[in-house]
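Please read the structure below before turning to the comments.
The values are calculated or read from the model by the stated rules, or taken from the named source; none is laboratory data. What you see is a predicted model; the values in this text were computed from it and never measured. Here the Cβ positions follow ideal geometry from the backbone for every residue, glycine too, while neighbour counts run over all protein chains shown.
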């Protein structure tokens, strides 16, 4: 049964968020509250391997749907964070019931058992690389990767919040909620935007969804990734080389070159490599064979192909591959209600009863994601924020060559879990 937030113990923000949000901000007049006496459960990743694979499949589906949607892209370039959306939807699912819960499980492929425990395990595995985004020198990405994940929930303090939901957040997501007054836009919007900026190292300065004083609930997930390549590209070898855009135009763009020992796989229709960062993560590069000028990435690299690539690279041996990779710096914003509709989450969007475990009569009003990525000789910097709002109511001769001189798909993967954190399509590196 829903209880008021006064029934839960307030704690200062510093050190109170999940281990993955240890460096979260403390906005003025806003403090975190957690379920009284509830501590985060310790789980083992190995105990939830099947559930984690289901999450990976779900993230690939979400990534494909985001790329198909394209967000606000006008030139064909898209960058998205399926893992961020997956985590946000998992938190929402923790408070869902009835038709909306069944729909989310069916559409997203969530595991029937151990869903929250498996997400706990995933978050715990990412925490091994947690760090403060604000401490990163983005001109010199760190050899020890920074993978910062943060969950933030802002709820209107005048609306009772479900104790069971808050307990699940504390037990498996390691977090609580920020009680605020959405009618006080000056304080609440500032607090949310500060949270977003802090947890993305300032790469995203405002929450992606438009602020509304009518909301009573705002759920956010932020991801920040910074890592140096295992073997950096030599800037002296970077030169303008031709790239054929999705529209068929041939342009010259700064392109990096290096022979690298990497996992390589190919099959009819594609070839792919896992380009390693210094530790724990890879960038998966997938180059379709040919392709029709003007085609979108989601049409060229299907979710099924992504699954085949994952299987192929999982058993691939390392080979010397001559890599030619353009530099790029892209950003995309998505209106996620459109994405949810295309996925088939109609009941989830329409219901005003199936999220009563979070707030009585809660109905989703807004959902958005902002993502960006910078790829250069030394490494990669990427960040994303997903928001869901509601109101109640070397010199060796290479064996292979992979010249990415036409539109290609990329993913940044966490090696231990296989989770695609960021995914995108480069149609024009400019």
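Annotations for the structure displayed:
- Per the listing 94, 99, 112, 118, the residue uniquely modelled with pLDDT under 95 and touching a helix residue (DSSP H, G or I) at 6+ places or on another chain (Cβ under 9 Å) is 112.
- Close pairs from segment 198-212: first closer than 18 Å to residue 151 by Cβ, partner surrounded by fewer than 22 Cβ atoms within 10 Å (Cβ to Cβ) and modelled with pLDDT under 95, Cβ under 7 Å, at least 6 apart: 198/25
- Listed by position, the strands (runs of 3 or more DSSP E) contained in segment 161-279 that have at least 1 residues being more than 24 Å from the chain's Cα centre (by Cα) are 178-180, 239-244, 250-267, 270-276.
- Annotation note: of 246, 272, 278, the sole residue that is buried (at least 18 other Cβ atoms within 10 Å of the Cβ) and under 24 Å from residue 145 (Cβ atoms) is 272.
- Within segment 72-91, restricting attention to residues that are outside any helix (DSSP H, G or I) and crowded, with 24+ Cβ neighbours inside 10 Å, the residue that is nearest to the chain's Cα centre (by Cα) is 81.
- Within segment 293-304, tally of residues that are surrounded by 21 or more Cβ atoms within 10 Å (Cβ to Cβ) and either modelled with pLDDT of 70 or more or within 30 Å of residue 141 (Cα to Cα) (or both): 2
- Candidates 290, 307, 361 - the one that is within 30 Å of residue 218 (Cβ to Cβ) and surrounded by fewer than 21 Cβ atoms within 10 Å (Cβ to Cβ): 361
- Qualifying residue in segment 207-215 (condition: modelled with pLDDT of 95 or more, closer than 24 Å to residue 57 by Cα and surrounded by 22 or more Cβ atoms within 10 Å (Cβ to Cβ)): no
- Only a single item in (1) at pLDDT 95 or above; (2) in contact with a helix residue (DSSP H, G or I) (Cβ under 6 Å, 6 or more places away or on another chain); (3) surrounded by 18 or more Cβ atoms within 10 Å (Cβ to Cβ) is not met by residue 347, and it is number (3).
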